[in-house]
Amino acid sequence: MKRYDVLVVGAGPAGLSAAVEAARLGLRVAVYDENARPGGQLFKQIHKFFGSREHKAKIRGNKIGEELLQEAAAAGVEVMLNAAVIGVFAEKEVAVRVNEQILCRQADALIIATGASENMVNFPGWTLPGVLGAGAAQTMMNLHGVKPGERILLLGSGNVGLVVSYQLLQAGCAVVAVVDALPRIGGYGVHAAKIARCGVPFYTSHTIVRAEGVNQVTGAVIGELDKDRKIIPGSEKHLAVDTICLAVGLSPLSLLCALAGCAMEDNPAKSGYVPLVNRYGETSVAGIFAAGDVSGIEEASAAMIEGRIAGLAAAQRLGFLTQEDLDARVAVQERALASLRQGMFAPGSRGQTFTATTEGCPLSQNLLRQGYLTDTELSAYPGVVWAEGLHPIIECTQNIPCNPCRDACPKQCITVGATAGQITALPIFDAQKGCTGCGLCVAACSGQAIFLVDEEAGEITLPYEFLPLPQKGEQGLALGRSGQEICAAEVVDVKTAKVFDQTNLLTIRVPVQYARQARFFRRAP
Amino acid sequence: MMLERGDIGGYIPAPDDDLLVCRCEEISQGEIRRAIHDGLFTLTELRRFLRTGMGLCQGQTCGRLVKAIVAKELGVSPAELEPITARSPVRPVEMRVLARNQEQKNG
Ligand SMILES: Cc1cc2nc3c(=O)[nH]c(=O)nc-3n(C[C@H](O)[C@H](O)[C@H](O)COP(=O)(O)OP(=O)(O)OC[C@H]3O[C@@H](n4cnc5c(N)ncnc54)[C@H](O)[C@@H]3O)c2cc1C
Ligand code: SF4
Ligand code: SF4
């Protein structure tokens, strides 16, 4: 039987990170993944990530995946694809299905990083073709270049629902509605704002009543929910859609852990049935670790850190690292993890309601319900300073773990938090630092929340990621934050640069009185 | 939790009982509810009796849905229910592959 020092199940961000750490310390490491391509969820994530530089913020998910694969190859990790691990037995023996064969492998340490599966909801018509998971829609669009449909209803307004809605718009689909049963949008305000200004309406406190159609989805009915989560009679609304995308959460794929005999718990804070792990990610079975979404649904940035910790700890268990060395390295990783796990969206904040940011700024209720800030709410935030001349307006108003805007500015005009670890603080713009209007912050912002505004000239520079790119001189319409048409607009500049990493900077001119409102450009049909 | 058959009252049809829950094995909400009221209180028993979650996706689609129905009928929270027994293979494997593997082992 083939043996390894460390066998990792799952080649997502957690598994690859674990493998890289262990292999760099000289261990013989293999990663097995049932997919035909490595990277787990990362390869579908074509958007720029949050976090800070150490979490690979500002880099698009698919790029992070490529970087991890290169690191794994350089470290000598064996990555085996189309290899589904179907069983874990005593003595860390695993059975792997590869093509027509079942192979048995053994390792001294086992790291389970199998990620998560998408949750489903059932409603009349849910088995019709045209109802699919958001992750499946993402795979179709971003990996295979296939549009999942033309007119989409998206159920679920967490970050997954918001990100997938945006990518559907990029693919050329119409997102007819984003519906959520909760009274507020679950994901980041900046993600919501970026689709709201394209004209996507949010229906919070709503749910789907039924999908219509005989052979495929031809429509959907949604309804408003009362306090007891019952549909309010008469609130039903018909939507003409051909596709219903479900983004209603993920569940840890933890069956292998249970099979390995790890102590498990059903923990709603971790989104389901997960193995109990210690600070190193080690389960109750010595030498078996769990890292990433499998031990609690979080994000790729957290999954990578958990992976690194598990990889290091496995190395220590096998005698490749001293306990002191391990603890020193883990402490660094834990700091990186702690900086991510702050603020209103942190795992520990689930179920709580927030009315103000940690700075004491009121949270926009409109952003939470409708996905956009109103003109009057805007001035309450430290990134919004109405200065003379060209300067950024930073419409980032919730405590999210993110700071690429700070790192992007060559003039240090933007600060996020008093210390480097405080990445959930609101960005602050300092008009005294001599902003040159270079636009690097606009392109770097993962939330596309920064606009360069010149009020006197009526010019707004906005991040733009749709194709085909508008041309200089083109006439169109300026849309406000809510997506409503507000005035005519002319494209006066289009900037594309390698450092912008495919976020183009579009400068539009509008009548000066609209400079504070115009936030998106719609091309003339 | 030691419930006996009948403790939760008899099965009363609900308007949405014909809603499909387990797609792979084509099992409706009504079939699951009826089985629960017939005394099958655990997810494992339901799997054996109705084959919910035993199809191609191995419960990845309906696992949570079935759990929610059982919890609701028993009046407990889903987290309180005893989880299903994990068994290998965790992915569907054709018999011919398993058989070949056995041949190799023996030969
Ligand atoms: C739409 C969307 C947007 C997201 N956006 C962000 C974002 O902006 N920032 C961020 O940080 N995170 C984001 N995430 C979350 C992030 O993608 C996940 O948290 C992360 O991928 C989890 O990593 P993982 O390694 O634990 O699992 P995964 O990436 O899910 O990888 C698990 C791997 O294990 C394999 N596997 C599972 N079972 C087996 C088995 N039995 N045998 C062999 N292989 C197996 C799978 O094939 C898969 O490749 C997003 C997620 C989604 C769905
Ligand atoms: S436009 Fe350039 S100089 Fe001005 S704040 Fe942004 S990055 Fe800094
Ligand atoms: S403004 Fe800064 S902190 Fe806010 S989303 Fe953009 S990059 Fe992140």
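Observations on the model:
- The trypsin sites (Lys or Arg not before Pro) of the range A:351-423 that meet both conditions, a loop assignment by DSSP and at most 14 other Cβ atoms within 10 Å of the site Cβ, are A:411.
- Euclidean distance between Cα centres, the range A:296-332 to the range A:1-54, Å: 13 Å
- The range B:41-107: GluC sites (Glu not before Pro) in DSSP coil with no more than 11 other Cβ atoms inside 10 Å: B:94
- The Cα atoms of the range A:444-484 define a convex hull whose projected area, averaged across directions, is 3.9 nm².
- Relative packing of B:34-43, A:152-161, which averages over residues the other C-beta atoms within 10 Å, highest first: A:152-161, B:34-43
- Mean separation of Cα contacts under 8 Å (6+ apart) over length of chain A, as relative contact order %: 14 percent
- Rounded to the nearest 20 debye, dipole of chain A from Cβ charges on Lys, Arg, Asp, Glu: 340 debye
- Relative to its residue count, the range A:428-515 spans a Cα convex hull of 115 Å³ per residue.
- Diffusion constant of the range A:331-475 at 10 °C, which comes from Stokes-Einstein with the Kirkwood Cα-pair radius and 1.306 mPa s, µm²/s: 96 µm²/s
- Using the Cβ of residue A:494 as centre and a radius below 14 Å, the other residues enclosed give a net charge of -1, where K and R count +1 and D and E count -1.
- In the range A:160-235 the Cα-Cα distances spread across 10 Å bins starting at 0 as 18, 43, 33, 5 percent of all pairs.
- Reachable lysines from residue A:237, criterion Cα separation under 20 angstrom, eight or more residues apart if same chain: A:227
- Scoring A:11-17, B:7-13 by mean Cβ neighbours within 10 Å over their residues and listing the highest first yields A:11-17, B:7-13.
- Within the range A:198-305, the percentage of alpha carbon pairs spaced more than 19 angstrom apart rounds to 61%.
- Cross-link partners of residue A:498 among lysines, defined as those whose alpha carbon lies under 25 angstrom from its own and excluding same-chain residues fewer than eight positions apart: A:44, A:48, A:56, A:58, A:63, A:194, A:411, A:472.
- Test item: B:88-98 mean partner chain Cβ contacts at 10 Å: 5
- Relative contact order, percent, the range A:6-128 [alpha-carbon distance under 8 Å, six or more residues apart]: 31 percent
- Where A meets B: accessible area buried, both sides, 1.4 Å probe, Å²: 2600 Å²
- 10 Å beta-carbon shell around residue A:505, net charge (K/R +1, D/E -1): 0
- Residues in chain A average 39 Å² of solvent-accessible surface per residue, probe 1.4 Å, ligands and nucleic acids excluded.
- Among A:41-50, A:494-503, B:16-25, the peptide with the highest mean count of other Cβ atoms within 10 Å heads the list, and the full ranking is A:41-50, B:16-25, A:494-503.
- The range B:20-105, accessible surface, carbon-and-sulfur percent (1.4 angstrom probe): 50 percent
- Put simply, the Cα atoms of the range B:20-105 extend 50, 24, 21 Å along their principal axes, the longest span coming first.
- Pairwise centroid distance, computed over Cα atoms, of the range B:21-46 with the range A:133-161, Å: 31 Å
- Dipole of the range B:20-105, positive direction: furthest Cα of B:99, B:41, B:74, with charges on the beta-carbon: B:99
- Under DSSP loop assignment and at most 15 Cβ neighbours within 10 Å, longest GluC sites (Glu not before Pro)-free interval of chain A: A:237-358
- Average beta-carbon neighbours from other chains, 10 Å sphere, peptide A:117-123: 6
- Computed Rg/Rh of the range A:276-366, alpha carbon atoms with Kirkwood Rh: 1.11
- The range A:68-126 - Debye-derived log10 I(q)/I(0), Cα point model, q = 0.13, 0.24 Å⁻¹: -0.53, -1.12
- Listed residues A:42, A:70, A:31: farthest to the positive end of the dipole of the range A:1-99 (Cβ charges): A:42
- For the range B:20-105, the relative contact order is 29 percent, taking Cα pairs closer than 8 Å that sit 6 or more residues apart in sequence and dividing their mean separation by the residue count.
- Look at the dipole of chain A built from charges on Cβ: of A:336, A:113, A:166, the Cα furthest out on the positive end belongs to A:166.
- Only the Cβ atoms of Lys and Arg (+1) and of Asp and Glu (-1) were treated as charged; on that basis the dipole of the range B:20-105 about its Cα centre amounts to roughly 300 debye.
- Restriction of the trypsin sites (Lys or Arg not before Pro) in the range A:240-338 to DSSP coil positions whose beta-carbon has at most 14 other beta-carbons within 10 angstrom yields A:279.
- For the protein assembly as shown, taking the reciprocal of the average inverse distance between every pair of different Cα atoms yields a Kirkwood hydrodynamic radius of 26.1 Å.
- Percent of beta bridges antiparallel (DSSP, chain A, rounded to nearest 5): 65 percent
- Positive minus negative residues near residue A:351 (Lys, Arg vs Asp, Glu; Cβ under 14 Å): +3
The values are calculated or read from the model by the stated rules, or taken from the named source; none is laboratory data. Fair warning: this is a prediction, and the values are worked out from it, not measured in the lab. When we count neighbours, we look across all protein chains shown, and the Cβ atoms used for this are built from the backbone with ideal geometry, even at glycine. Note: areas computed on protein heavy atoms with side chains; ligands, DNA, RNA excluded. Shrake-Rupley method; radii C 1.70, N 1.55, O 1.52, S 1.80 Å.
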